[in-house]
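Nothing in this text is a laboratory measurement; each read-out follows from the coordinates by a stated rule. Remember, it's a predicted structure, so these values are computed and weren't measured experimentally. Positions of Cβ are generated from backbone atoms using ideal geometry, with glycine treated the same way; all protein chains shown enter the neighbour counts.
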Ligand code: SF4
């Protein structure tokens, strides 16, 4: 008997690196190998991807449902008992308080099939409007700004392979050297080809070390920075007048807003000297092609939509969007952050990236689902608002693929709200901090144990294949939804609408997405296997000479997805962070990731090699600040905000501004960074302000 090799994809970030999984004949072990045929990573993997199999066989892997006993302990139970309890817990809230008393919280790591089924389950089986997911905390501001400007949001409207061939990239609030290391080569190749890289980040990150120019604004001021650059574009006569005239609308108002942001004023707000602003404009405008790429830095702000909009305005004024090797893109973070927002687990959306409030969209999806359009609920609360309503308006919650006790803003409050629920059911592979609070925990299959599709940050739909048999005792999320539909359907056989075969779900998803902005109707599992991924939109027909549609790697070259085909400028102005520093809280905290951990750490904190590389949280401080506080390298410091206190060792570095401190957010307990963060919400995207809140820092234990 020979080893079996299965080509598949990493379970973690939005790069969705290709990898080969090799299984021994007896199935006792599985190893990650290089898969050079997948163009995105060309065989390269980061430590998280290389060690991903460790979670499959982790000693803390859940292999039996757990239910809370009379004494309050989580104890093993049969699937029958556990599913019965979940149906009872969700059903009781529904019958006592109404359908909207039941909440559903999903995740950006769920496959397209799971995200689709979860959204359908909430709306058809539970009848609740109260569904959202942790992707709201990831890219929702970029999605809102992209939709407003271009009429369509797809993270990158071009493939990553375009990056090395452009002339200049401004990377705003993005640190791919740590978040998705194999992607760094696109930026180093850009420079090898003579292009330039500008990094905008309050910290001199590992990515910034590769930059030709590093701009380090105060956290939360990159909206003003973009306006200052646009001011200089206009003042220096670098506007692409013909492009603005022919391909955009709304320039005059945006121009006026930018002209009110004088470079000297912007320098005072951001701390970035005027000569550096001028240098950035020169580097960005001189080449024929250029890009702006944003990530969580500008997006995770209470003005995230406007901040991203300001960077899009810069692209439009200089004629960059919708042209070869040019444009604006968002580097999505979670593994299926892109697909997760397209198939209906977001509070305001239906499959195909359709609006829940659009009567035609409701009618189309209702027909596919075999229900009355009027029976579909309207939009519900956004992720933080949903979590904030737990234990009051929302009495029972079904949570799948998320760990908000660690990853939500104002996390101690969120934890308190979760504890106040009448009933919580969690589907997970390990006992995460959130699962530990549940009444029922359902152990589910993982990436390599199940087949499904994801959509990476380029909009490339991919097939993740099952490579190994799951352990006894676990079931897939799709099986869980099927079983719950049977129990909660009131004899209506609703489980028939929830197949457990992922390909069957995908076939329905294709029909539900047909004609929508994210049209998957021309994509099949077979094509995904044969073509190594297909870019949406991909309608069922419309290929060359009536053949199959090839998919759409590059968007907007002919027209934007607006009614008249023109992109929209959206006028924006500087405004301060929601919580400015003051005497009591004189510093700004910003949060982010480290290379060896992923998101809330629920999986990666279970991997010895990753824990050895990144064993715990830390607080980055500038040496001048450390000296003033009497803080020493490696000694604990307390970071205090209006929401709580976190303690972690000091890491003293000149890579951070003296007015700013940084904490990674992967850990629970006393070093939980999100204890501190501010849930002030963006009015459009409902994104919380993770990236800037007022804090003070105190040395602890010194005396
Ligand atoms: Fe996985 Fe992302 Fe690392 Fe690639 S970069 S191996 S997708 S975690």
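Here are a few things to note about the model shown:
- Tensor-based shape of the range 387-433 (alpha-carbon gyration tensor, a/c under 1.5 rounded, otherwise prolate or oblate): oblate
- For the range 125-159 versus the range 55-104, the gap between their alpha-carbon centres in whole angstrom: 29
- Solvent-free Debye calculation, one equal scatterer per alpha-carbon of the range 196-251: log10 I(q)/I(0) at 0.12, 0.22, 0.23 Å⁻¹ equals -0.41, -0.90, -0.92.
- Once the convex hull of all Cα atoms in the range 587-699 is built, its volume per residue stands at 103 Å³.
- As computed over the range 571-623, the Cα convex hull volume per residue (Å³): 169
- Highest mean packing comes first when the peptides 178-187, 590-599 are listed by Cβ atoms within 10 Å, giving 590-599, 178-187.
- Extension gain from residue 165 to residue 628, taking 0.36 nm per residue of separation minus the Cα-Cα distance: 162.0 nm
- Over all directions, the projected convex hull of the C-alpha atoms in the range 1-94 averages 9.7 nm² in area.
- The slack between residue 613 and residue 212, meaning 0.36 nm per residue of separation minus the straight C-alpha distance, is 141.5 nm.
- Where only alpha carbons of the range 140-330 are counted, the Rg and the Dmax (Å): 14.9, 41
- Extents of the range 169-268, taken as max minus min of Cα coordinates on every principal axis and listed largest first, are 41, 32, 20 Å.
- Multiplying each eigenvalue of the alpha-carbon gyration tensor of the range 46-201 by 5 and taking the square root yields semi-axes of 43, 23, 12 Å, largest first, rounded to whole angstroms.
- The range 504-640: equivalent-ellipsoid semi-axes (sqrt of 5 x gyration tensor eigenvalues, Cα, Å): 48, 26, 12
- A P(r) calculated from all alpha carbon pairs of the range 39-91, with 10 Å bins opening at zero, reads 19, 30, 20, 18, 12, 1 percent.
- Summarised in one figure, the compactness ratio Rg/Rh of the range 455-496, Cα atoms and Kirkwood Rh, is 1.17.
- Computed over the Cα atoms of the range 634-703, the ratio of the radius of gyration to the Kirkwood radius (Rg/Rh) comes to 1.00.
- Inter-site label distance for residue 653 and residue 242 at 7 Å from Cα along Cβ, in nm: 4.6
- Alpha carbon centroid spacing (whole Å) that separates the range 565-620 from the range 389-457: 21
- Within the range 36-70: backbone nitrogen closer than 15 Å to the residue 193 label point (7 Å, Cα to C-beta): 40
- FRET efficiency, residue 288 to residue 526 (Cβ-Cβ, R0 51 Å, nearest 0.05): 0.80
- Judged by the mean number of other Cβ atoms found within 10 Å, the most tightly packed of the peptides 655-664, 232-241, 336-345, 468-477 leads the ranking 336-345, 655-664, 468-477, 232-241.
- For the range 550-593, projected area of the alpha-carbon convex hull averaged over all directions, nm²: 7.1
- Whether the range 151-210 is rounded, prolate or oblate, judged on the alpha carbon gyration tensor where a/c under 1.5 counts as rounded: oblate
- FRET efficiency, 1/(1 + (r/R0)^6) with R0 22 Å, evaluated for residue 268 and residue 575 via beta carbons: 0.90
- Radius of gyration and maximum dimension Dmax of the range 274-362, Cα, Å: 16.5, 52
- Note on residue 69 and residue 357: their simple-model spin labels are 5.1 nm apart, each label 7 Å out from Cα toward Cβ.
- Using the alpha-carbon positions of the chain, Rg (one decimal) and Dmax (whole number) come out as 24.3, 79 Å.
- In this calculation the C-beta distance from residue 259 to residue 496 is compared with R0 = 41 Å, giving a FRET efficiency of 0.10.
- Extending 7 Å from Cα along the Cβ direction at residue 698 and again at residue 54 yields two label points whose distance is 3.6 nm.
- P(r) tail fraction, the range 320-363 - alpha-carbon pairs more than 16 Å apart, %: 53
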